[in-house]
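The values are calculated or read from the model by the stated rules, or taken from the named source; none is laboratory data. The structure displayed is predicted, hence computed values, not measured ones. Note that we place each Cβ from the backbone using ideal geometry, even for glycine, and neighbour counts take in every protein chain shown. Surface accessibility is based on the protein's heavy atoms, side chains included, excluding ligands, DNA and RNA. Shrake-Rupley method; radii C 1.70, N 1.55, O 1.52, S 1.80 Å.
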Protein chains: 2
Amino acid sequence: MTPRPRHDAEQHADLVFKALSDPTRRALVEILSHQPDGMPAVRLAAQFPNMSRPAVAQHLRMLADAGFVTVSPRGRERIYRLSREGFESAYEVWFGRFEAFWKGKLQDLKRFVEDADNT
Amino acid sequence: MTPRPRHDAEQHADLVFKALSDPTRRALVEILSHQPDGMPAVRLAAQFPNMSRPAVAQHLRMLADAGFVTVSPRGRERIYRLSREGFESAYEVWFGRFEAFWKGKLQDLKRFVEDADNT
DNA sequence: ATGATATGTAAGAAGAAGCTTACGAATTGG
DNA sequence: CCAATTCGTAAGCTTCTTCTTACATATCAT
């Protein structure tokens with residue numbers, strides 16, 4: 001997958017798993033997963049009526065730092081889109097670190113993937 | 001995978017991702033992944049010379065709550081073993097939540113799994 | 001029995017994370 | 001040009017995490 005300097009690995013894993021540790025950020029990822037063309041920050045913030053816009057902006061920044069989203073300016077808006085980079089990093093860490101444990105689990109996962117694929 | 005009451009789902013996802021958000025806990029999982037027969041708490045704690053034993057005990061509790069490890073008493077020791085339950089929950093949440101996004105990513109994942117499988 | 005070993009939990013201190021208000025920069029529309 | 005919109009960040013407060021020390025329980029060895 002993405003080649004990455006060895007000594008940055010743990011630091012990057014920290015960003016990735018920290019990003020997923022917050023329910024608001026997971027909700028943001030879920031929202032974006034249904035919006036292939038992305039959403040402007042203001043519309044994402046509107047999904048959280050009990051939270052200020054800057055709070056959402058800070059969450060978005062962490063998701064961007066972890067590689068879960070990308071940002072592209074469009075006029076005065078900034079469009080957030082889900083990126084595969086963060087997900088691939090998570091997989092990389094997951095499979096890389098626990099490979100010994102997973103020898104045997106991979107078969108199950110392959111079956112699961114194939115099932116989900118045939119729908 | 002594991003059927004789970006709907007209203008507990010987010011709460012459980014919280015436990016799972018919180019458990020993985022700490023570097024010490026990830027290190028514990030990695031250590032246990034190389035020890036199929038498990039390890040007593042004291043030996044796990046010894047892997048972290050800069051940290052007190054109770055601190056490690058608290059981390060182990062969180063891993064247990066999230067379903068990443070199981071505990072079984074053996075004499076005066078308590079043996080910690082990696083469990084697949086937490087991992088399966090993480091997969092469940094992962095694939096379930098972001099299914100729309102992953103439609104298309106699943107092909108890549110399947111290839112990746114097959115590659116890892118042929119080694 | 002008694003001392004040593006293995007363990008978990010409680011209480012409190014130190015640090016990190018998350019939220020709000022306030023602000024400044026960039027872009028659009030009239 | 002000027003007001004309105006979109007956005008990110010800084011400062012400060014509050015809450016959650018994580019660590020340590022202290023303590024209580026259970027098991028083993030002699």
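Data overview
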quantity: Matching residues, the stretch A:28-45, being more than 9 Å from chain B (Cβ to nearest Cβ) and under 19 Å from B:ALA13 (Cβ atoms); calculated: A:LEU28, A:ILE31
quantity: Residue ranges of helices (runs of 4 or more DSSP H) in the stretch B:20-89 with at least 2 members more than 14 Å from DNA strand C (Cβ to nearest atom) and in contact with a strand residue (DSSP E or B) (Cβ under 9 Å, 6 or more places away or on another chain); calculated: B:23-33
quantity: Matching residues in the stretch B:62-80 - criterion: being under 18 Å from B:ALA46 (Cβ atoms) and open to solvent by 40 Å² or more (accessible area, probe 1.4 Å); calculated: B:VAL71, B:ARG74, B:GLY75, B:ARG76, B:GLU77, B:ARG78
quantity: Unmet requirement for A:PRO49, which otherwise passes all of (1) touching a Leu at 6+ places or on another chain (Cβ under 7 Å); (2) open to solvent by 10 Å² or more (accessible area, probe 1.4 Å); calculated: (1)
quantity: Candidates A:PRO54, A:PRO36, A:PRO40 - the one that is more than 9 Å from DNA strand D (Cβ to nearest atom) and farther than 18 Å from B:VAL16 by Cα; calculated: A:PRO36
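Let's see how each residue does on (1) in contact with a Phe, Trp or Tyr (Cβ under 8 Å, 6 or more places away or on another chain); (2) of a type in the set (Asp, Glu); (3) modelled with pLDDT under 95:
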position	(1), (2), (3)
A:GLN35	no, no, yes
A:PHE48	no, no, no
A:ALA57	no, no, no
A:SER83	yes, no, yes
A:LYS110	no, no, yes
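Yes or no, residue by residue, for (1) within 14 Å of DNA strand D (Cβ to nearest atom); (2) surrounded by 16 or more Cβ atoms within 10 Å (Cβ to Cβ); (3) within 15 Å of B:LYS18 (Cα to Cα):
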residue: A:GLN11; (1), (2), (3): no, no, no
residue: A:LEU20; (1), (2), (3): yes, yes, yes
residue: A:LEU28; (1), (2), (3): yes, yes, no
residue: A:LEU32; (1), (2), (3): yes, yes, no
residue: A:LEU44; (1), (2), (3): yes, yes, no
